[in-house]
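Below you'll find the structure, written out as structure tokens, and then a few comments.
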Amino acid sequence: MKLDIVADSQAELVELYYRMVLVRKFEERLLALFDAKQLTGTTHTYIGQEATAVAASRFLRRDDCVFSQHRSHGYFLAAGGDPHALFLEIIGDRGGVCRGVGGSQHLLTENFLSNGILGGTAGIAVGAALAGKLRGGSDVVVSFLGDGTLGEGLAYESFNIASLWRVPIIFVIENNRYAQTTPIELNLAGDIARRTEAFGIATDEIESNDVVALSGRFKTAFEHVRGGSGPYCQIVHTYRQGPHSKGDDFRPDEERQFWRKRDPLRIAERTLGPAAAAIERRADADAAKATRMPEQVTPLPLEELNTDRDLLPKQFEAQDGWRSGGAGDWLVKHLQEVFAKILETRPDVYLLGEDILDPYGGAFKVYRGLSTRFPDRVLTMPVSEAGMIAAANGLALRGFRPVAEVMFGDFATLALDQILNHAAKFGRFTDSQRGTPIVLRMPSGGYRGYGPTHSQSLEKLFLGIPGLVVTASDIVHDPLLIWERMLGLSAPCVHVENKTLYSSVLPEITDSRLGRFYLSSSRGYFPTTTLSLTERNGANDVAIVAYGGMTGMAMEAAERLFVEYEIHATVVVPSQLAPLPVEDLAAAVARAQSVVVLEEGTERAGFGAEVIAALSSLDLLKSKRVRRCAAFDTIIPGSASLERDVLPSVERLIATVMDACK
Ligand SMILES: Cc1ncc(C[n+]2csc(CCOP(=O)(O)OP(=O)(O)O)c2C)c(N)n1
């Protein structure tokens, strides 16, 4: 969809009125279809509020973007979206805006996004506005929020970031006095305007349903923002005339009567005079046409729904996963070089994170030197993990490649909603590649004495999210290769970096040998590497599947098992954790008599469970003994010695292997 509302005085009022009636008639027809049981699911109508979105949309230009939430139809139609494609979306037909996959609340086009999670799109809108600013154009982003959404923390993170970055965004806060069924008095303390003003955002408020009066306010808002004066907030006090969704209206009759007299359509009708009737007939006819039920609803066939089968690029140059050559430096040094190279060669890549500017360069120094060399490409973030990932999503939606660092992986939970309910979904709403290919870097794990909330390995929380790739750094795979591959994805990716790795030296790998190990690589998009102490891929007693920071521990255990117990262990190191590289793992464990999965995270419902389930369901573990070695299912203690007791150790791994090989 391209926004195409043109404005020019008299014709303009006709157009504004037409749009408002179109929204009204379209949604009245939807409600009638629900009543007639011809529609299922849910809907949130914009009836009574039409003047706001229509007035705001009047000033949109082709490359501007609109973000809304659950009450999406009104905004979509006001911005010039195709009514029939919207209807097909609502009924779940493949001809819909998002092929019938998103449904009423979830619309994604080139410059329109709505989603059903309150507050989520406000943060994404900020990122999209930053994208416009970085491109140097005069695009404006409009983000519609309700009064109820002001209970969400992300709203404030968004105001803060928008103001700090002075991005071209208009927040439109519509106070329709209710959040679902709860009146504002029970939902919102204090004053709305003082909220945005406190962030230094120019703010105006009006109580009106008059599209002409509102147009005047939005004219000022757009001039302010397009003129480069930073974000703006337009508060509109209005009223929703219909139920929140369908049949959930418990508001007093007198109140509804009061507002019915202030119906935006009737106000505009009075201004237009006799001309209004013909416009209304035209809009009604168009709404009738748009909402005509097709003889048959044709849902997208399951085979055409994007699934995790399609998550990785199919075309790529297959190569070994490791970097051949002399002894390496600490991983952190390699990463600094990798990012310098990426920033040199990829103008679309931006680094976001807390405390990442020089001289500090991030809590683990991964970005040290980069903000000095690339001052415009390293963006320091306030302490707002959700706001940061939301901004990354917005940047990615508009073609950028953001890499976001949470200072400690434990903090990624604050951004979980942006990953699960936003990033991982967008590429699935659409048939195009219009996903949000962000990379989230998670410095993870313990053995550093940082205590319960700074030491966890939380990747298991992400392994079960469809639409998301999860990868890990280790001492075997070439960091440049892994990063180039991550930046070649069209899907979002969570990347685990164990903190202990930063100060680990990447070992020398020559002629496919690493010390006493023989290496073989699956040469997949994200390769799995098998390390064996005897001939390559030979029969062995046990395969230890380990990844990330556990790789070194598995290698040490394998050497000791060989020397001390004459047990031949191969170490299998996937660089991709999700979707699980089942074929690689199947091939790697095929010739082992036992399988042990090692992971630093707690055992319950972890990576090991998934590996074992996947291999079992292929009947690959039938005659093998299977064990897991993981952190005990408890907190990571602050006490260094107790922490060592809880986390996996070489001794515990050896004992687990011995048990498996009994
Ligand atoms: C994060 C989240 N919490 C709760 C809901 C359920 N919900 C949907 S709309 C709504 C009320 C929203 O009120 P407001 O922001 O004022 O928007 P309005 O519905 O009035 O347009 C609620 C609670 C949701 N969709 N997302």
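The values are calculated or read from the model by the stated rules, or taken from the named source; none is laboratory data. Treat the numbers as computed from the prediction; the structure is a model and nothing was measured. All Cβ positions, glycine included, derive from the backbone under ideal geometry; neighbour counts span all protein chains shown. Accessible surface areas use protein heavy atoms only, side chains included; no ligands, DNA or RNA. Shrake-Rupley method; radii C 1.70, N 1.55, O 1.52, S 1.80 Å.
Restricting to region 448-480, and then to whatever is small (G, A, S) and in a loop (DSSP other than H, G, I, E, B), can you tell me which residue is nearest to A578 (Cα to Cα)? Restricting to residues being small (G, A, S) and in a loop (DSSP other than H, G, I, E, B), the top hit is G464.
Counting the residues of region 391-442 that are modelled with pLDDT of 95 or more and polar (S, T, N, Q) gives 4.
Out of all the residues in region 122-136, is one or more out of contact with any Ser or Thr (no Cβ under 6 Å at 6 or more places or on another chain) and within 16 Å of the ligand (Cβ to nearest atom)? Yes: region 122-136 contains one or more residues that are out of contact with any Ser or Thr (no Cβ under 6 Å at 6 or more places or on another chain) and within 16 Å of the ligand (Cβ to nearest atom). Here is a check on your reading of the model: is G601 surrounded by 23 or more Cβ atoms within 10 Å (Cβ to Cβ) and modelled with pLDDT of 95 or more? Taking the combined requirement at face value, the residue satisfies it. Just need a number here: residues in region 28-51 that are touching a Leu at 6+ places or on another chain (Cβ under 6 Å), in a loop (DSSP other than H, G, I, E, B) and closer than 22 Å to N175 by Cα. Summing the residues that are touching a Leu at 6+ places or on another chain (Cβ under 6 Å), in a loop (DSSP other than H, G, I, E, B) and closer than 22 Å to N175 by Cα in region 28-51 gives 1. A single entry from A660, A631, A640, A655 fulfils the requirement of being closer than 17 Å to A558 by Cα and in contact (Cβ under 8 Å) with a residue 12 or more places away in the chain: A660. Considering (1) touching a Gly at 6+ places or on another chain (Cβ under 9 Å); (2) within 14 Å of the ligand (Cβ to nearest atom), the lone condition that I117 does not fulfil carries the number (1).
Scanning region 291-311 for residues that are open to solvent by 100 Å² or more (accessible area, probe 1.4 Å) and in a helix (DSSP H, G or I) gives L302, E303, R309.
In this structure, is I173 away from the ligand (no atom under 12 Å from the Cβ), under 21 Å from G387 (Cβ atoms) and surrounded by 22 or more Cβ atoms within 10 Å (Cβ to Cβ)? Here the answer is no, as I173 does not meet what is asked.
Yes or no: K314 within 16 Å of the ligand (Cβ to nearest atom), part of a loop (DSSP other than H, G, I, E, B) and of a type in the set (K, R)? Here the answer is no, as K314 does not meet what is asked. Report every pair of residues separated by at least 6 positions or lying on different chains whose Cβ atoms are under 9 Å apart, first residue within region 64-80 and in the same structural domain as P168 (by TED's automatic domain parsing) and among the acidic types (D, E), second part of a strand (DSSP E or B) and at pLDDT 95 or above. Sorted first by the residue in region 64-80, then by its partner, the pairs are D64/V141; D64/V142.
Restricting L620, L653 to those that are open to solvent by 40 Å² or more (accessible area, probe 1.4 Å) and either out of contact with any Asp or Glu (no Cβ under 6 Å at 6 or more places or on another chain) or not assigned by TED's automatic domain parsing to the domain that holds D541 (or both) reduces the list to L620. Counted as qualifying within region 55-169 are the strands (runs of 3 or more DSSP E) with 1 or more residues that are within 16 Å of G228 (Cα to Cα), namely 141-146.
Being surrounded by fewer than 16 Cβ atoms within 10 Å (Cβ to Cβ), touching a residue at least 12 places away in the same chain (Cβ under 8 Å) and part of a helix (DSSP H, G or I) is a description that applies to R282. Within the span defined as region 473-496, one or more residues are within 20 Å of E610 (Cβ to Cβ), open to solvent by 10 Å² or more (accessible area, probe 1.4 Å), more than 15 Å from the chain's Cα centre (by Cα) and not assigned by TED's automatic domain parsing to the domain that holds R604.
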